[in-house]
Amino acid sequence: MSRKNMHFGLMSALVVLSLLLSACAPATATPTEAPATTAPAVEVTLYTVAPSPIKEADVERVQEAVSAMLKQKGVNVDLKIVAYDWGSAGDKINATLSTGEPCDLMFTSPWFNSFTEGVSKGYYMPLDDLLASEAPELLTKYAKVWDVATVGGKIYAVPNQQIWPRAYTFYIGTDILDKYPIDWDTIGNGIQGLKDMLPYAKTVLAGEPELTAFIPGGVSGLGGSGGPNESEVFGYSRVVGGFAPFVVKYDDPAMKVVLEPEAPYFLELAQVAREYTLNKITLSSDLTPDELMAAFKATPPKFVGEFWMFAPGMWPPIPQPYYNNRVFDGKRWLGANFLDTSGIQATMTAICSTSPHPAEALQVLNLLHTDAEIHNTVTFGVEGQDWLWVDKATKEIKYPEGTDVAQPPYLLYDWMMGDTFLNYYLNHEMALADPNKAAAEINNTAPASAVLGFVFDPTPVSAEMAQISAVVTEEYMPIVTGRVENPEEMVAKYLRDLKAAGADTVLAEIQRQIDAWAAAK
């Protein structure tokens with residue numbers, strides 16, 4: 001299975017879990033409800049991806065409920081939700097955009113339905129004037145981060161709010177933590193944190209021979225699609241999408257671009273990754289999503305947990321239904337805490353340039369970011385049918401009796417639906433802890449990367465970028481997941497091959513664009 005497919009499969013599993021654990025920030029004031037209008041409603045279509053298949057009848061009843069709410073709030077729209085599965089979403093969305101079919105609200109990011117490519121092909125419309133007229137509160141709400149959605153001086157998407165800094169941690173089952181206590185204060189940051197986990201992981205593996213590995217998927221976790229190989233863990237912003245090897249230290253005022261194999265952390269990362277693989281702390285090969293889920297659900301489990309983007313110490317340890325109600329915990333944030341373009345661009349919503357009703361589309365999007373009732377109904381479904389109130393004061397809800405919480409009849413990704421800090425809670429401990437207050441504070445106070453909002457235009461070096469992409473595809477992941485026998489030799493080869501592919505030329509062009517971008521600011 002390709003790294004991309006593995007990423008989508010695991011994301012579908014793990015982020016559905018995060019929906020079940022979601023929190024909400026202090027309630028946003030609900031806009032004053034307006035009298036229902038008698039004018040014909042316009043249809044606005046929302047294109048998204050669902051964690052699991054949703055029956056058409058369930059989509060239709062949610063659409064009907066949301067449309068009624070929108071009219072009560074003065075937005076005369078009939079909302080149509082088009083929710084694809086991961087297997088078909090890419091092709092279907094690309095077909096809609098490339099053929100010029102009318103569409104309205106569209107999920108976009110660097111990793112799925114490419115934002116910069118969509119803008120360059122004219123798929124999305126500039127939003128500056130619409131934001132000013134239809135959603136001025138959004139301009140203020142996200143004033144700190146609009147640069148990440150800006151291309152050529154114009155805003156082309158609205159970032160969906162979640163925890164924007166990359167909050168990586170070792171997320172370990174409490175069954176293991178109870179048996180093998182760990183002093184999280186002894187675990188350092190970045191490379192040092194990975195090294196500090198080695199003795200603990202070896203102790204656990206020695207005492208639990210049934211474990212397949214400490215965590216799956218190489219040092220990167222999730223089958224090589226994210227984790228300790230992310231440059232953000234080491235305090236560097238990746239200034240070109242994917243795993244392109246061009247990084248900038250997040251707090252470098254000079255914004256000097258560095259080839260990643262020459263960055264201070266890279267060789268050491270390759271060496272630690274190899275040690276992880278040799279000591280069975282991580283697997284030497286990837287698992288399919290089904291294999292990974294089965295390993296976590298096995299009795300006894302085959303892994304202690306994961307290395308992934310959970311905000312350490314913010315979520316109370318609670319049973320997770322996707323893993324046979326195992327409870328996981330992690331207290332140490334290993335990465336640098338800063339706002340990065342890739343972290344914010346990871347989930348955004350654009351308006352199609354073919355939209356018949358862009359003003360109404362933005363009005364709907366505005367409510368997804370500011371109105372808890374709209375946001376939660378689109379995400380979780382209809383009150384009284386898909387979920388029930390437990391305590392309105394703490395925003396706690398529950399599924400009706402008999403609901404399969406691992407696959408409810410209706411569920412969309414909260415992180416594709418506006419502001420996740422508006423979420424209702426599906427767990428009592430979460431409702432009491434209200435961890436998204438802390439998450440909102442992190443977003444509000446985290447320092448911005450020096451290159452936050454910079455978007456690289458690869459057109460002048462497109463030939464070199466194609467050659468570099470081929471080198472990265474072949475050599476990068478084996479190095480950072482510990483699957484090469486001689487890390488020192490392979491890092492040196494990786495650097496040579498990148499330079500032969502034209503990396504120095506591309507680096508110079510990136511630096512030129514960054515300098516011009518900084519001067520223009």
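We did not get these values from a lab; they are worked out from the coordinates using the rules stated. In this text the structure is predicted, and so the values were computed from the model without any measurement. For neighbour counting, all protein chains shown are included, and Cβ atoms are generated from backbone atoms with ideal geometry for every residue, glycine included.
Spacing of the modelled spin labels on Y180 and K154, each 7 Å from Cα toward Cβ, amounts to 5.6 nm. Straight-line cross-link reach from K154 at under 20 Å between alpha-carbon atoms covers these lysines, not counting any fewer than eight positions away in the same chain: K121, K141, K144, K521.
Our note on the geometry: Cα centres of the stretch 361-406 and the stretch 450-517, 43 Å apart. Close amide H partners of Y84, meaning residues 5 or more places away or on another chain with modelled amide H under 5 Å apart, are T48, V49, A50.
Measuring nothing but how far apart in sequence close Cα pairs (under 8 Å, 6+ apart) lie, relative to its length, the stretch 387-507 scores a relative contact order of 19 percent. Sorted on the mean count of surrounding Cβ atoms within 10 Å across their residues, most packed first, peptides 407-417, 197-207, 258-268 read 407-417, 258-268, 197-207. For the residue pairs K202/K493; K249/K499; K80/K398; K202/K302, the C-alpha atoms sit more than 23 angstrom apart in K202/K493; K80/K398.
Once the piece of chain linking D129 and T403 is laid out straight, how much longer is it, given 0.36 nm per residue of separation minus the C-alpha distance between them? Walk me through the numbers on the way to the answer.
On the way: separation 274, 0.36 × 274 = 98.64 nm, distance 4.40 nm.
Result for the pair: 94.2 nm of gain on full extension.
Near the amide H of F307, within less than 5 Å, lie the amide hydrogens of Y171, L222, all on another chain or at least 5 residues away, with H placed in the peptide plane. With both labels modelled 7 Å from their Cα along Cα-to-Cβ, the A254 to A516 distance reads 2.2 nm.
Quickly rank 508-515, 106-113, 137-144 as a protection proxy: mean count of other C-beta atoms within 10 Å, highest first. Intermediate results must be reported in sequence, preceding the final value.
Working: 508-515: 17.0, 106-113: 21.5, 137-144: 14.9.
The packing order, highest mean first, is 106-113, 508-515, 137-144.
Of all aspartates and glutamates in the structure, those lying under 15 Å Cα to Cα from K73, and not within fewer than 8 positions of it along the same chain, are E33, E64, E134, E360, D371, E373. Placing dummy labels 7 Å off each Cα toward the beta-carbon, the span from S88 to H428 is 4.1 nm. May I ask for the distance between the Cα centers of the stretch 131-199 and the stretch 53-86, given as a whole number of Å? That distance is 30 Å.
Computed from backbone phi, the HN-Hα couplings of the stretch 112-117 come to 8, 6, 2, 5, 5, 5 Hz, rounded to whole numbers (Karplus: 6.51 cos²θ - 1.76 cosθ + 1.60, θ = phi - 60°; Gly and Pro given as x). In order along the stretch 190-207, the Karplus-derived 3J(HN,Hα) couplings, from 6.51 cos²θ - 1.76 cosθ + 1.60 at θ = phi - 60°, round to x, 4, 4, x, 5, 5, 5, 7, 4, x, 5, 4, 4, 5, 5, 4, 5, x Hz, and Gly and Pro are given as x. Computed 3J(HN,Hα) for the stretch 392-400, one whole-Hz value per residue from the Karplus formula 6.51 cos²θ - 1.76 cosθ + 1.60 where θ = phi - 60°, is 5, 5, 9, 6, 8, 10, 8, 7, x, glycine and proline marked x. Bridgeable lysines around K392 (alpha carbons under 18 Å apart, same-chain partners fewer than 8 residues away excluded): K437. Looking at the chain alone, DSSP beta bridges between its own residues are antiparallel in about 65 percent of cases. Protection proxy ranking for 476-487, 386-397, 234-245, using the average of other Cβ atoms within 10 Å per residue and placing the highest first: 234-245, 476-487, 386-397.
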